[in-house]
Amino acid sequence: MFLRAQNGVTSFIPSPTPPPSPTERASQSVLLRAAGFLSRWSSLTFAVAMALSLIRPATAAAEPVIIASAFIEAGGEGGGAGFLPDLVGRFTFEASAPESRPQNTLFNAPVTSADVGRTFRASAATDPAFAVAAEILANGRDSFVTHAVAFDDGFGSAVSLLESQLFRGRPTEAPDLVGFSLTAMIFRLDRLSVVEVQNQGRSVEYAGLLTFEGTAENGAPVPEPATVLLFATGAAAIGRRAWKREGA
């Protein structure tokens, strides 16, 4: 830049801009090619993300959750507490319906006084009749269920009741767990008493907690992590393109 005075007026004359050197021209060419590559990569990333999100399953398999719990007990007429030695009973649970011809007894678990506090699990992997029982427990009809602790000599305690009486804290207005697919039942033995009662034979008392696990048949879909990542990648590509347009 230099000064020029004419008719008493001083003007600032800018110096002519020198042409870019070969090195500068090469650098500008590299930057332009890189910008073009990034633009094409953003478009490709977005297209791939959207395509894969349509091809891949949109939901992941739901994890089983606790649907309902029920406190159960039987006996109580003996009025005593204790356990006769060398006695092994069996805890069973059965859901009954007129159309359920196959036997659907679950658990069939040996129990003694040492098992108080222990949990027992029934599922399709442990009980062949689980599928039949699970269908009855979630068919929308008020069927009968029976739980019992019995001994080989015929003594024991059992209770039969309707599902609506068992599932007093059920999650729906239906009498049972309709709308859910049962995956497991868990029984926790909280109390077991077997005593001799004079002139009455043997008194068997027990109590525990039944827990039902499963998944909602009409539950909201849970996005898979991979699908979430694909959508995030596509959104990032859109953001990069918008930022480039604003900066242009």
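Quick note: the coordinates plus some simple rules give every number you see, no bench work behind them. Values in this document were obtained by computation on a predicted structure and should not be read as measured data. Every residue, glycine as well, gets a Cβ built from its backbone with ideal geometry; the counts of neighbours run over all protein chains shown.
Brief remarks follow.
- Label sites at residue 191 and residue 62, each approximated as a point 7 angstrom past Cα along Cα to Cβ, lie 3.6 nm apart.
- Shown here for region 106-178: GluC sites (Glu not before Pro) in loop regions (DSSP other than H, G, I, E, B) with at most 13 other Cβ atoms within 10 Å, namely 173.
- If R0 is taken as 41 Å, the Cβ-Cβ distance between residue 124 and residue 33 corresponds to a FRET efficiency of 0.10.
- Cβ-derived FRET efficiency at R0 25 Å, residue 173 paired with residue 216, nearest 0.05: 0.95
- Within region 123-155, chymotrypsin sites (Phe, Trp or Tyr not before Pro) in DSSP loop having at most 13 other beta-carbon neighbours inside 10 Å: none
- Neighbour-count order for 127, 152, fewest beta carbons within 10 angstrom listed first: 152, 127
- Highest-first packing order for the peptide set 105-114, 185-194 is 185-194, 105-114, based on the mean count of other beta carbon atoms within 10 Å.
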